[in-house]
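The values are calculated or read from the model by the stated rules, or taken from the named source; none is laboratory data. Only a predicted model underlies this, so the values are computations on that prediction, with no experimental measurement involved. Note that we place each Cβ from the backbone using ideal geometry, even for glycine, and neighbour counts take in every protein chain shown. With ligands, DNA and RNA removed, areas are computed over all heavy atoms of the protein, side chains included. Shrake-Rupley method; radii C 1.70, N 1.55, O 1.52, S 1.80 Å.
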Amino acid sequence: THARTHPRARTLQVLLCGMSLAASAGIGGGGLNVPVLMIIFNFTPKEATVLSNTAVFGNTMSQLIINLRRPQPHDPTKPLVDFVAVLMLTPAQLGGGNIGVIMETILPATLLVLLSILVLAMASVKTFYKGCHMYQKEEQENRTTSVSFTEPAGSRLTAELLIPHDDGASRLAG
């Protein structure tokens, strides 16, 4: 017999998968957690934020444990975690957290949700455009670095290079 899964358990599974994808993308997942917790589990914004912060903290700690001993891909003598950047960003993050706590006590919950939606929408648009730019850059690099060496029936070796035109098309030169 097939046991039925409770709808909230299924939602929790989807939330955990979404958080895993967010973690692999390096964005933490807080912007995904809060709306899901509010809409599906009927948490208040304050409760959803606390649970989301706890989940993001656990995610961050697991990523830190995994990445702490890994070297940078371009310079194996340096650690992957940039401790100078951590020291520079931590005061701003703590200050922002304090401002958020003060704003949470002053502003109504509805306005906080609307501001959160606005910030998430702006971050989503920025991420989308950056992704498009990175995709175009990678495609251009792939077109300009494609090199193939062939040895035809004769004993002469020829090289074929793809050279980009101004219009973005490639032509074969040899």
key: Cα principal axis extents for segment 68-151, largest first, Å   = 74, 32, 16
remark   = With Rh as the Kirkwood radius over Cα pairs, segment 49-88 has Rg/Rh of 1.11
Accessible area of segment 1-140 belonging to carbon and sulfur atoms, whole % at 1.4 Å probe = 70 percent
request  = Please label the shape of segment 1-127 as rounded, prolate or oblate, based on the square roots a ≥ b ≥ c of the eigenvalues of the alpha-carbon gyration tensor (a/c under 1.5 means rounded; beyond that, a/b larger than b/c means prolate, else oblate).
outcome  = oblate
Using a Förster distance of 41 Å, the FRET efficiency for ARG10-CYS132 (Cβ separation, nearest 0.05) = 0.80
